[in-house]
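Since the structure comes first, as structure tokens, the remarks are kept for the end.
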Amino acid sequence: MLSASDLRRTVADRVLWQGLSFQVMPGDRVAVTGPSGSGKSLLLRALAGLDPLQGGEVTLHGRSQSRWPMPEYRSQVMYLPQRPAFGQGSVLEELRRPFGLKIQSARPFPLDEAERWLAALNRLDFLNLSVTTLSGGEGQLLALVRALLLGPSVLLLDEATASLDPDATRAAEAALDQWCAAGPVRALVWVSHDPAQRARVATRELPVVLR
């Protein structure tokens with residue numbers, strides 16, 4: 001589904017990784033591991049097309065990243081950061097907003113699905129709250145629901161539950177597992193500092209080793 005071949009990344013003339021190759025298959029739940037500073041977040045950003053590749057190639061469904069229209073590619077390979085950004089207005093308005101974009105405009109906003117995910121996360125009362133009042137953890141839950149509604153093929157999670165309490169973290173993990181299992185062509189790639197979380201959510205690990 002998603003593959004990387006001979007990837008290379010340098011920062012200030014320092015090689016973080018090179019010759020990095022792997023595949024992400026449907027149903028995979030991959031934990032990216034490595035020491036602090038090894039470029040795990042940079043790898044996710046490269047896979048998402050948010051940073052230019054310094055070497056090697058990324059392909060999605062056998063098609064090179066460079067040959068995809070980038071809005072279409074990013075709708076399929078979606079990056080979920082630790083500190084998501086929002087506009088103004090209510091949670092409901094924030095969830096609706098991407099469905100006004102051209103890449104998503106063919107699909108109506110699935111309010112029933114949004115309510116189901118929020119209920120699964122014990123946050124059904126979110127819809128009318130202002131996004132400016134949300135805590136860091138609440139913002140992570142909003143970003144997670146928004147991503148699940150948009151339905152990418154590969155969801156890249158960069159410490160995306162780090163601000164949640166243990167109960168909310170488990171609820172988010174269960175929602176992601178349910179989402180991944182519900183589609184024939186879905187996969188998760190996690191960066192998490194918590195080894196216990198990696199043990200719970202991952203089917204395999206992808207080590208990123210400093211060079």
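For the range 152-165, the condition holds for at least one residue, the condition being that it is over 17 Å from the mean Cα position of the chain (by Cα) and surrounded by fewer than 17 Cβ atoms within 10 Å (Cβ to Cβ).
The C-beta contact set for the range 123-145 (first residue in contact (Cβ under 8 Å) with a residue 24 or more places away in the chain and more than 17 Å from Pro98 (Cβ to Cβ), second residue among the β-branched types (Val, Ile, Thr) and assigned to a helix (DSSP H, G or I), distance under 6 angstrom, 6+ apart or interchain) comprises Leu129/Val91. Checked against (1) in contact (Cβ under 8 Å) with a residue 40 or more places away in the chain; (2) out of contact with any Gly (no Cβ under 9 Å at 6 or more places or on another chain), Pro207 passes all but a single condition, namely (2).
Remark: pairs (first residue in the range 62-89, among the acidic types (Asp, Glu); second residue not in a loop (DSSP other than H, G, I, E, B); Cβ separation under 7 Å; 6+ apart in sequence or on different chains) = Glu72/Ile103.
Within the set Leu144, Leu188, the sole residue that is out of contact with any Lys or Arg (no Cβ under 9 Å at 6 or more places or on another chain), at pLDDT 95 or above and surrounded by 14 or more Cβ atoms within 10 Å (Cβ to Cβ) turns out to be Leu144. Of everything in the range 21-49 that is part of a strand (DSSP E or B) and over 23 Å from Asp194 (Cβ atoms), the residue that is nearest to the chain's Cα centre (by Cα) is Gln23.
Listed residues Ser3, Ser66; which is loosely packed, with under 14 Cβ neighbours inside 10 Å and over 15 Å from the mean Cα position of the chain (by Cα)? Exactly one residue qualifies, and that residue is Ser66. Does Ser163 meet the test of being of a type in the set (S, T, N, Q), under 24 Å from Gly87 (Cβ atoms) and modelled with pLDDT under 95? When the stated conditions are applied, Ser163 passes them. Of the residues making up the range 154-203, those that are out of contact with any helix residue (DSSP H, G or I) (no Cβ under 9 Å at 6 or more places or on another chain) and in a helix (DSSP H, G or I) number 9.
Pairs linking a residue in the range 99-115 that is within 16 Å of Glu72 (Cβ to Cβ) and part of a helix (DSSP H, G or I) to a residue that is of a type in the set (S, T, N, Q) and modelled with pLDDT of 90 or more, with Cβ atoms under 9 Å and 6 or more positions apart or on different chains, are Ile103/Ser75; Gln104/Ser75. For the structure I just gave you, tell me whether Ala120 is among the small types (Gly, Ala, Ser), in contact (Cβ under 8 Å) with a residue 40 or more places away in the chain and either crowded, with 17+ Cβ neighbours inside 10 Å or at negative phi (or both). It is true that Ala120 is among the small types (Gly, Ala, Ser), in contact (Cβ under 8 Å) with a residue 40 or more places away in the chain and either crowded, with 17+ Cβ neighbours inside 10 Å or at negative phi (or both).
The values are calculated or read from the model by the stated rules, or taken from the named source; none is laboratory data. Computed from a prediction, not measured in an experiment: that's the story for all the values here. Because the Cβ atoms are built from the backbone with ideal geometry, glycine has one as well, and the counts that use them run over all protein chains shown.
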